[in-house]
Structure formats: C-alpha cells, structure tokens
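The structure appears below as structure tokens.
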Amino acid sequence: MTATTPVDDAVDTPQPEAENPQPKSRVARLLANHELVIVVLLGLVSVATAYASFQAALYDSQMAGAYAKGQSATASAESLYLEANQQYIQDVQVWSRLTELSIDMGNTDAQLSQSATAKFDTLYFQSVGEALDAAVNWSNEQNDADPTTYSSPFDSDAYQSAMFSPYLDAKAEAEQLMAEGDVYNNYSDRLTLNTVLMALSLFLLGVAAVVSSARSRLVLTSIATAVFVVSLALIAAIPFVSL
C-alpha cells in the first residue's frame, strides 16, 4: 500500500492592497464644510441687512426733518414776499402822491403852492421810510446827472434789495432744505434696494443649506455671495449717518 502525502486543502487567498487615499481638492474640502461656510455667510448677510435697514430708517428721519423745515421756511419766505410786495405797492402810491404834490408846489398860486408844500413835507415825513428815502436821493442824483433819461426811485438796486432780500434769503434757505431732503430720500431708497438684494441673498443661502446636491449647493452659495458683495459695495458708497 503506497503512502500518500497529504495535500493542504487550504489555499492562501491574495488580499487586496489597501487604496492610498487621494488628497481632497480645495473645492471638495470647501463642500465638506459647506454647513459652516453657509452659517458664516448667513450671519454676515444678516448683520449687513440689519445695518442697511437701520441706516435707511435714519435717512427717512433725516428726510422728514429736512422736508418739514423746508416747508416751514417756504411758508416764511412767502410771508416775507407778501409783506415786501405790500410795502412796495404802498411806496409806489406814496411816490405818486408826492409827485403830484411836487407839481402843485411849483404852481404860481402862492396859497396852492404853500398848501402843497406842507402836504408834501408831512406825507414825506410820515410815509417815506429809509429805503424809499435813499431811493429818492439816488433818483435825484441820476436825473441831475442825465436829465434826458428819467430814473425812478424804484429802479434802484439798493431799494429792491432792501425790499426783497429777506424773501430771497428765506427762499434760498427753503430750497436748500428741500434739496437736502431729496438727497436723504435718495440715500434711503438706495439702502432699501440693497436691503431687498440682501434678503434675496439670505433666501439663496437658506436654500443652499438644505439641498443635497453638491453642485446645486455650490451654485446657490456662489450666487448668494455675489449678490451680497455687490450690495455691500453699494452700501459702502452711501455716507454713514449717526443718531
């Protein structure tokens, strides 16, 4: 009987070599931490949105104040104009009467001339103010210098300035205040628009936080970031206003 050599039934099975992990790309690492990135962006956009809303409210307050002061100054200017115009009309009437009396003062009738002189002096003393008196003296000087051309007292620039300068100054102040109100209104509107853009950025970031597709998440986050950066640049161009 021939002896047989036992043969091992167990055969060594080759083990697969362990795969060497490949280093992750920057985008892959960024996507791996997408939740942290989105949370940080949400915080930044929220703070910027609150700032823009606060500044818009302050500019609204500034605008309302400027418009209120402008309207008050406009009413004061109109009152000053009516007062100056009334004085101007009164001075014209007084000067017309003085002109008539000055003609009667040269009458050959002595009694009529004396009566006209007395009336002229009384009316001049009672009704002619400093501005009209200076204008009358200016008119006399101009007429003496050039008898061929009559210069009315009301042609005097000094008289016109004395009558209507307060109105013109008040009108200029009112226009300046209204213009400031328009500037504040423009700033407020721009800040409100930027607030809307940042709200859109917040919405896109919120959607990006819940989508499962890495590509969609990256696209939404990129768009939201771009909108935020543009809005932030627009806000930076608007002057800061404090309480």
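Nothing in this text is a laboratory measurement; each read-out follows from the coordinates by a stated rule. Because the structure is a prediction, the values reported are computed rather than measured. Backbone-built Cβ (ideal geometry, glycine too); neighbour counts: all protein chains shown.
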Subset tally (residues that are surrounded by 16 or more Cβ atoms within 10 Å (Cβ to Cβ), of a type in the set (A, V, I, L, M) and within 18 Å of the chain's Cα centre (by Cα)) for segment 160-185:
3
Just one of (1) over 19 Å from Thr195 (Cα atoms); (2) crowded, with 17+ Cβ neighbours inside 10 Å trips up Asn85, so point out which.
(2)
Taking Ala116 and the conditions (1) within 21 Å of Ala135 (Cα to Cα); (2) of a type in the set (A, V, I, L, M, F, W, C); (3) touching a helix residue (DSSP H, G or I) at 6+ places or on another chain (Cβ under 8 Å), which numbered condition does it fall short on, given that it satisfies the others?
(1)
Which condition number does Gln111 fail, the rest of (1) surrounded by 14 or more Cβ atoms within 10 Å (Cβ to Cβ); (2) farther than 17 Å from Asp169 by Cβ being met?
(1)
Scanning segment 88-108 residue by residue, the ones that are surrounded by 15 or more Cβ atoms within 10 Å (Cβ to Cβ) and among the hydrophobic types (A, V, I, L, M, F, W, C) total 5
Condition test on Leu80, is it hydrophobic (A, V, I, L, M, F, W, C), surrounded by 15 or more Cβ atoms within 10 Å (Cβ to Cβ) and in contact with an Asp or Glu (Cβ under 7 Å, 6 or more places away or on another chain)?
no
Total residues in segment 127-153, condition more than 21 Å from Met163 (Cα to Cα) and in contact with a helix residue (DSSP H, G or I) (Cβ under 9 Å, 6 or more places away or on another chain):
2
